[in-house]
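Below is one structure, written out as structure tokens; comments come after it.
No lab work stands behind these numbers, since they all come straight from the coordinates. Given the structure is predicted, the values throughout are model-derived calculations rather than measurements. Here the Cβ positions follow ideal geometry from the backbone for every residue, glycine too, while neighbour counts run over all protein chains shown.
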Amino acid sequence: MAPFWRIEVDCKAPNCASEKKGKGLMTFDYKEFLDGIDRKAYHEGEWQWEEDGFQVTRTYNYTFPGCHDSCGILYYVKDGVLDHVEGDPLDPVVNGKLCMRCLDMPEMVNSPHRIKYPMKRAGERGENKWERISWDEALDIVEKYIVEEIDGKGYGRESIVVGHGTGRNINWQIPFIAGACFGTANCGGIYFSGWSCYMPRVCGAAGPLGDFPVVDTAQQHKDRYNNPEWERPDVIVVWANEPLKSNADGFYGHYLEICVQMGAKIISIDPVLTWWGARAEIWLRPNPGTDAALALAMAHVIMEEDLIDHQFVEYWVAYYDEFKDHCKQFTPEWAAKICSVDTDDIIAAARMFATADRGMIQWGLAFDASSASCMHWVQTVCNIQAICGFIEKPGTWFLAHNAFELNAGYSSADVFGRPEAVAQKFKKAQIGMPGIDFVGMSNPDAMAYALETGNPYPILMFWAESQNAIAGHEEPAPRAYKYMMQIPFIVYVDPILTPSAVAFADLVLPVAASVERDSVRTWWTPLRAMKKVTTFYEAKSDEEIAIWLGTRLNPKLFGPGKRFEKAIDLSNEYLTTGLAAIDEDGTVRKGNFSSGTDENTGHQININTEADSGCPVRSHAELVEAGGVIFDDWNATYYKHEKGLLRPDGSVGFNTPSGRIELIPTIFQAWGIPPYPVYTPVSASKDSTPEIFEKYPYYFINGTRSYEFFHTEHRMAETMREFHPDPLVYINPKVAEREGIKDGDWVWIENWDGRCKQKAKITNEVDERCIRGEHGWWKPEEEIAAPHFCGAFDFNPNNLTHAYESGPGNIGAPIKCLPARIYPVKEGDIMPGTQVVELGGFREYTPMQP
Amino acid sequence: MKGILVNYEYCTGCHSCEVACKKYLGLPKGEFGIKVAEIGPFEYSGAEKGPRKWEWTWMPTLTKACNMCEDRVAKGKMPMCVQHCQAWCMYYGDLEDLIKKVDGKTRYSLLTTETHL
């Protein structure tokens with residue numbers, strides 16, 4: 001009898017519902033699920049009803065509390081309070097499969113950590129002393145500062161920087177507030193070198209593909225897995241992310257698990273063991289920061305062994321010969337040495353992927369934040385998909401747009417900002433970086449340089465809405481604290497009183513939760529509505545805040561009888577015009593989510609297009625009554641390049657200069673990026689700087705996701721903390737023994753930039769090369785005043801990260817693959833909060849230097 | 001008799017069943033109507049590379065507090081754990097129907113509780 005690990009499971013499942021999709025194991029039957037739902041019990045066709053004394057509302061939740069996704073939900077409300085929630089089995093987006101965070105929503109929206117009223121600072125920054133004021137008084141303070149200290153002293157509105165957190169249902173509202181209310185185009189994270197979240201993938205894919213790809217798990221079809229054209233993938237490569245936990249970029253991770261139930265095979269590429277790695281046909285564990293070499297070697301194997309899709313390459317791909325010749329140097333033997341993986345495994349993975357009928361690579365944040373080759377890694381993975389013909393074919397990558405081309409987003413700051421302030425937006429040229437600006441957000445390194453030097457102009461006011469800078473995205477958190485404290489006027493606008501608000505804010509304003517808010521939003525597809533069912537003290541929604549500010553600060557656009565009078569006007573205009581700017585002469589200017597080729601603005605803004613979006617639902621109310629969700633035909637169409645759906649002129653092909661997928665992207669040169677992809681080692685790697693690894697012997701992979709939290713959110717919910725009370729650092733048993741660490745010990749993780757403490761979890765999910773820690777931690781139950789700040793510095797892996805290191809094109813940042821050492825915390829050790837706040841920090845900084 | 005069939009090969013340990021259940025039953029900290037156990041990760045010594053080398057499996061257990069959501073199912077709704085299972089690996093129904101799914105192609109476990117009338 002064969003050993004059990006060689007047993008082949010019989011793949012011809014007799015209970016398989018669909019012969020067509022019956023290749024491989026099939027334990028999932030969507031039709032059976034839908035047929036089994038008692039539709040009357042779940043009130044099919046109704047969006048609101050009474051049930052057992054509760055008012056029930058069928059809608060979508062999308063920030064706060066939130067994540068990148070927006071799932072169908074049933075809110076149960078009694079006496080104006082959210083009592084409990086359920087997932088909606090009739091929702092085509094997730095069919096009721098809510099995560100633990102949404103299921104615990106009442107604890108979050110009714111939390112004692114919510115901000116109830118506008119408050120102004122009554123003590124020093126950091127003391128957590130506040131005085132309640134009215135919204136009117138708050139507006140007086142904001143207006144007075146802008147009029148007297150900015151306009152009155154001859155500064156431009158570009159001196160106002162608007163910060164926001166990651167992509168949730170704030171990403172069209174906050175840039176709009178920046179441009180339309182304050183007049184500035186400066187929007188984004190300050191210490192956020194290389195926009196090391198998503199932008200490298202968005203822009204890196206735009207080079208070769210002309211659009212942005214998403215793995216096809218039937219999420220763009222209303223009938224989902226039953227869609228007659230959809231096919232499940234044969235091979236899924238889960239590369240450097242855990243989609244089940246991260247649910248990143250508008251993509252619900254468990255969709256991929258369904259594909260596995262339907263027979264898809266797995267290749268896992270990750271130094272860490274995940275659910276995927278434990279079930280993978282092939283698991284590759286490259287050294288952190290080296291994946292680009294692995295990608296180049298896979299491309300080498302596919303081309304040298306001629307495993308390409310010849311017809312697709314002939315018809316639709318440009319510069320194949322150039323790419324193939326260029327990749328001759330990237331042998332699997334070469335990559336195996338850099339990555340510390342077996343040559344044979346690289347070859348086997350390349351063959352398995354390329355010879356499948358349908359393959360898809362699910363990528364994640366590490367592409368943006370764990371490499372000095374970000375754009376080249378992204379480009380090479382796009383090229384692998386292209387040469388295999390895995391673009392726009394069902395069960396591969398589809399090219400996604402926001403549903404109905406509703407693209408209001410970062411570009412709203414540009415289209416609504418004052419032209420003279422837009423001209424002064426932070427950009428590459430101010431700090432001597434080559435190439436045109438191709439990312440919509442302000443250049444973070446230029447912003448940090450201005451903060452530290454006052455050049456080319458000072459940052460005088462910081463408006464932070466839905467972001468927790470210290471615990472969250474500011475890469476070098478101690479550095480950010482030091483210099484952000486110098487900004488004269490800071491407003492924090494948030495549902496929760498965060499440590500960042502206590503540290504920095506002169507004024508705090510309460511924001512409504514999703515359950516308290518009428519709104520709409522796309523992120524790719526489908527379009528969804530959020531329906532307000534409760535209120536919370538004086539909290540205003542982000543849309544209401546825009547109206548509140550705009551009516552005073554920009555009366556041309558806002559106020560009685562004007563284009564934006566009520567908060568709902570914003571959601572309705574989002575639907576009908578994509579929140580286009582319409583100038584006095586009738587010129588229409590609209591944002592386009594994709595990065596692009598406009599040399600003036602760097603990212604594409606459509607000028608003199610039709611104002612009307614053509615969206616079939618014309619108002620928030622109409623969308624709510626339709627059940628809160630609507631799918632578009634464009635995203636649901638396959639082979640769009642053959643049908644003339646990708647190019648603005650309607651011709652066939654891809655939206656690149658040549659009309660083909662450009663394996664050597666011509667646009668990269670304009671962006672300041674060498675168009676031939678190479679592997680660039682990070683500044684501290686085992687190859688390039690072995691001496692650093694003698695002192696700091698482990699790769700510190702930070703940013704580990706968990707089911708309980710999304711970035712800095714959800715820490716105030718007792719049930720989430722019941723499951724996950726402390727920040728965890730994952731350590732291999734042998735490393736733990738070597739370093740004298742026991743499971744559950746508090747340990748220091750340290751390098752030359754600083755240190756943080758987390759609790760040891762001893763596990764063989766990580767091997768001896770790596771330690772793996774969590775991010776976003778603060779403990780709302782602990783002291784929020786300085787210096788402790790709920791532990792926001794003590795637990796913070798961003799004590800070890802740095803700014804001003806990025807890859808080709810100054811995009812992406814290698815912050816998830818840093819060397820570090822680890823040792824037990826001792827009684828009497830100085831805590832990072834004290835070090836940063838009271839002892840002058842861990843180190844000195846030089847502008848423009850890491 | 002009713003039961004819950006778990007295709008535990010695909011359980012991801014996401015905790016949705018645990019939270020859905022404890023919120024519905026109103027259970028305080030530390031108490032559960034369903035609780036997921038984690039097995040592994042460990043690798044089988046001597047096993048070759050591939051999908052059967054590692055064991056990392058989750059398995060829910062129904063506690064004494066579980067009443068199979070009898071009031072919900074009486075109204076035609078699913079039990080909370082089944083309705084919210086993100087991995088889509090739980091099925092509720094009559095034991096004789098559920099057992100028909102068990103075909104040796106994947107790893108199933110059939111869970112029952114004491115009978116609640």
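When A:Ile630, A:Ile692 are ordered from fewest to most other Cβ atoms inside 10 Å of their Cβ, what list results? Could the numbers behind the result be given before it?
Working: A:Ile630 21, A:Ile692 17.
So the residues, fewest neighbours to most, are A:Ile692, A:Ile630.
Shielding of A:762-770 by partners, i.e. mean partner chain Cβ atoms within 10 Å per residue? Intermediate results must be reported in sequence, preceding the final value.
On the way: counts 0, 2, 6, 3, 0, 0, 0, 0, 0.
So the per-residue partner count for this stretch is 1.
Based only on Cα atoms, what mean projected area does the convex hull of segment A:44-109 have, in nm²? Can you show the working numbers first?
On the way: hull surface 17.3 nm².
Its average projected convex-hull area is 4.3 nm².
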Segment A:608-714 - convex hull of the alpha-carbon atoms, volume per residue in Å³:
265
Total charge dipole magnitude, segment B:2-111, about the Cα centre, Cβ charges on Lys, Arg, Asp, Glu only, Debye to nearest 20
220
Residue farthest toward the positive end of the dipole of segment A:690-837, with Cβ of Lys/Arg at +1 and Asp/Glu at -1: which of A:His724, A:Gly740, A:Gly791?
A:Gly740
Across 10 Å bins beginning at 0, the whole-percent shares of Cα-Cα pair distances in chain A come to 2, 13, 24, 27, 22, 10, 2, 0, 0
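So for each of B:79-86, A:392-399, A:130-137 I average, over its residues, the number of other beta carbons within 10 Å; can you give me the resulting order with the highest mean first?
Order by mean packing, descending: B:79-86, A:392-399, A:130-137.
Write down, largest first, the equivalent ellipsoid semi-axes of segment B:1-58 in whole Å, where each equals the square root of 5 times an eigenvalue of the alpha-carbon gyration tensor. Write out the running numbers ahead of the final one.
Values: eigenvalues 185, 37, 13 Å².
Semi-axes (√(5λ), whole Å): 30, 14, 8.
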For segment A:690-837, what is the convex hull (Cα atoms) projected area averaged across all directions, in square nanometres?
9.8
Show me the ranking of peptides A:181-188, A:680-687, A:120-127, A:472-479 by mean Cβ neighbours inside 10 Å, starting with the highest.
A:181-188, A:472-479, A:680-687, A:120-127
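So how strong a dipole does chain A carry about its Cα centre when Lys and Arg Cβ are +1 and Asp and Glu Cβ are -1, to the nearest 20 debye? Can you show the working numbers first?
Numbers: 80 positive and 119 negative charges, 133 e Å.
Here chain A has a charge dipole of around 640 debye.
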Positive-end residue, the protein assembly as shown charge dipole about Cα centroid, Cβ charges, pick of A:Ile436, B:Leu110, A:Phe323:
B:Leu110
Scalar couplings 3J(HN,Hα) for segment A:646-652 by Karplus 6.51 cos²θ - 1.76 cosθ + 1.60 (θ = phi - 60°), nearest whole Hz, x for Gly and Pro, are 9, 9, x, 8, x, 7, 5
Net charge dipole size for segment A:690-837 [Lys, Arg +1 and Asp, Glu -1 on Cβ; Debye, nearest 20]:
280
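Which entries of A:Lys245/A:Lys265; A:Lys337/A:Lys757; A:Lys31/A:Lys245; A:Lys562/A:Lys640; A:Lys78/A:Lys116 have Cα-Cα distances beyond 30 Å here?
Working: A:Lys245/A:Lys265 20 Å; A:Lys337/A:Lys757 33 Å; A:Lys31/A:Lys245 26 Å; A:Lys562/A:Lys640 40 Å; A:Lys78/A:Lys116 20 Å.
Too far apart for the 30 Å limit: A:Lys337/A:Lys757; A:Lys562/A:Lys640.
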Within 10 Å of each residue's Cβ, count the other Cβ atoms and sort A:His300, A:His84 from fewest upward.
A:His84, A:His300
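Is there a simple number for the mean count of other chain Cβ atoms within 10 Å of the Cβ of residues in A:251-263, and what is it? Don't skip to the end; give the middle numbers.
Values: counts 0, 1, 3, 8, 0, 0, 8, 5, 0, 3, 7, 0, 0.
Whole-number average of other-chain Cβ neighbours for A:251-263 is 3.
How big is the equivalent ellipsoid of segment A:650-771 along its three axes, where each semi-axis is √(5λ) from the Cα gyration tensor, reported in whole Å from largest to smallest?
Working: eigenvalues 318, 116, 31 Å².
Computed over segment A:650-771, the values are 40, 24, 12 Å.
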Take segment A:24-70, drop everything but the C-alpha atoms, weight them equally and run the Debye formula without solvent; then report log10 I(q)/I(0) at 0.14, 0.17, 0.24, 0.28 Å⁻¹ to two decimals.
-0.62, -0.80, -0.94, -0.98
Which Cα, out of A:Gly289, A:Ile302, A:Asn247, lies furthest along the positive dipole direction of segment A:216-304 (beta carbon charges, K/R +1, D/E -1)?
A:Asn247
Using all alpha carbons of segment B:2-111, what is the percent of pairwise distances in each 10 Å bin, ordered from the shortest bin to the longest?
14, 42, 30, 11, 3, 0
Can you give the convex hull volume per residue for the Cα atoms of segment A:415-502, as a whole number of Å³?
121
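Mind checking the mean number of beta-carbon atoms from other chains within 10 Å of the Cβ atoms in B:69-80? Walk me through the intermediate numbers first.
On the way: counts 0, 0, 1, 2, 2, 1, 6, 6, 6, 9, 0, 3.
The per-residue average across the peptide is 3.
Calculated from DSSP H runs of 4 or more alone, at -39500 (n - 2.57) each and per residue, what is the 222 nm mean residue ellipticity of the protein assembly as shown, nearest 500?
Numbers: 33 runs with 241 residues, N = 967.
Per the formula, -6500 deg cm²/dmol.
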Hydrodynamic calc, segment A:274-368: Kirkwood Rh from Cα pairs, then Stokes-Einstein at 37 °C with viscosity 0.692 mPa s, so D in µm² s⁻¹ is 231
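Computed over the Cα atoms, what is the radius of gyration of segment A:325-443 divided by 2.2 N^0.38 Å, N being its residue count?
Values: Rg = 19.6 Å, N = 119, 2.2 N^0.38 = 13.5 Å.
It is 1.45.
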